[in-house]
Structures are given as structure tokens and as C-alpha cells.
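The values are calculated or read from the model by the stated rules, or taken from the named source; none is laboratory data. Everything numeric here is computed off the predicted structure, so don't read it as measured data. Using ideal geometry, Cβ is built from the backbone for each residue, glycine included, and neighbour counts are taken over all protein chains shown.
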Amino acid sequence: MYIEIIKAIEPEFEKAVDFAQKKVASFRTGRANSALIEDIKVECFGDMLPIKQLAAISSPSGKQLLIQPWDRSYLEPIEKAISREASGLSSKVEGNSIIITLPPMSEELRKELVRSLSQVENGAKETIRKYRDAAWSDIQAKTREGLIREDDKFKAKEKLQETADKYSDKIDELVSRKKTEIEG
């Protein structure tokens, strides 16, 4: 019975890791990476669409991103969205493309990114703890109802913590790698 409770909570743990992974990928490390801008929302056709649905994004060099919209009419809305959402990045329109040149990272910016990275890590781990605690409450309730034996309750607690730790470790690994990239 407790195995089903733990299995039911794992997709929520997975979502927390996926969310952290997407957030971590959007952090600038000094090298141009499409993840920096691809999910920025652009107002287009009365809708908010991510840049990756409106243009091809490439990196011609380690310090530049090249955005080539599918339609020339997307140029202005994309450039406005970048200047609004991606502070610190300057963009310029050249022909039918937008070029973003990444400025060198200052020590102050590196520290700020590491601080923000820690906030993402804490938020993801908080989500994992919230779902772990909800599953534990469910296990305790089922024990009181007689659906889970007392011995199994403690096995369940161990297994639940083990599972939560596995997902927390994934988050630690993601954040650690990105911190190394930012600092290095």
C-alpha cells in the first residue's frame, strides 16, 4: 500500500527537478547558449509565444546569439521582449536577424547569479519536501485506518526519505555544475 503512495508522489518530484533544470539552463555562464532567451515570451498575434516558436536561435560564436525569425514582422516584438526580459543583454537588428552580444561577466554578476541559483535550488527542494510531507501524512493516515501495518509505516518512511533524497541529489548536481560554469 505504501509503495503506491510513494510511486504516486514521484512524478511531482520529477516535475520539481525538471523545473530546476529549466531554470538552471537559463542562467548565463559567459558562453552563449540559446537557453538564455528561447523561453522569453513575445507578444505576437494577440498571444504570448516563446522566441523558440518564432525564430531559429544559433550561436555563431561563444559570445553571440543569432536569432532568425521565421517572419520579418517578428523582429520588433522579439527585440522588445529581449530588452524587457533579458537585462544585461544588448541586441541589435541586422537585416532579417537579431544579434545578441554577451558582455563579459563581472565578479558582481557572478555572485548575483550564484545567489539566484541558490534560490532556485531552495525552491525546488522546498517543493520536494512539501510533497514528501504530504505523502508521509497520507501513510500515517492509512496506518491509523489499519490499511498499513505499523512495521510497514517505518519502512515506508525510510523508502520515502530515500526517494526524496534521490531527487534532491539530482538538484544538487544540476546546481553544482552550473555554479562551476559560472565561477570558472
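The strands (runs of 3 or more DSSP E) falling completely within the stretch 1-65 that include 2 or more residues that are of a type in the set (S, T, N, Q) and on the phi < 0 side of the Ramachandran plot map to 55-61. Taking every residue in the stretch 45-66 that is touching a residue at least 12 places away in the same chain (Cβ under 8 Å) and surrounded by 13 or more Cβ atoms within 10 Å (Cβ to Cβ) and pairing it with any residue that is aromatic (F, W, Y) and part of a helix (DSSP H, G or I), at least 6 positions away or on another chain, the pairs with Cβ-Cβ distances below 6 Å are L54/Y74. Among the residues of the stretch 138-165, those identified as in a helix (DSSP H, G or I) and in contact (Cβ under 8 Å) with a residue 24 or more places away in the chain are D138, I139, K142, D152, K153, K155, A156, K159, L160, Q161, T163, A164.
Looking at the structure I just gave you, is A134 of a type in the set (A, V, I, L, M) and either at pLDDT below 90 or surrounded by fewer than 19 Cβ atoms within 10 Å (Cβ to Cβ) (or both)? Yes. Exactly one residue out of S97, S73, S91 is closer than 23 Å to S58 by Cβ, modelled with pLDDT of 85 or more, surrounded by 15 or more Cβ atoms within 10 Å (Cβ to Cβ) and not aromatic (F, W, Y), and it is S97. Checked against (1) closer than 29 Å to E4 by Cα; (2) in contact with a Lys or Arg (Cβ under 9 Å, 6 or more places away or on another chain); (3) surrounded by fewer than 12 Cβ atoms within 10 Å (Cβ to Cβ); (4) not polar (S, T, N, Q), P104 meets all criteria but (1).
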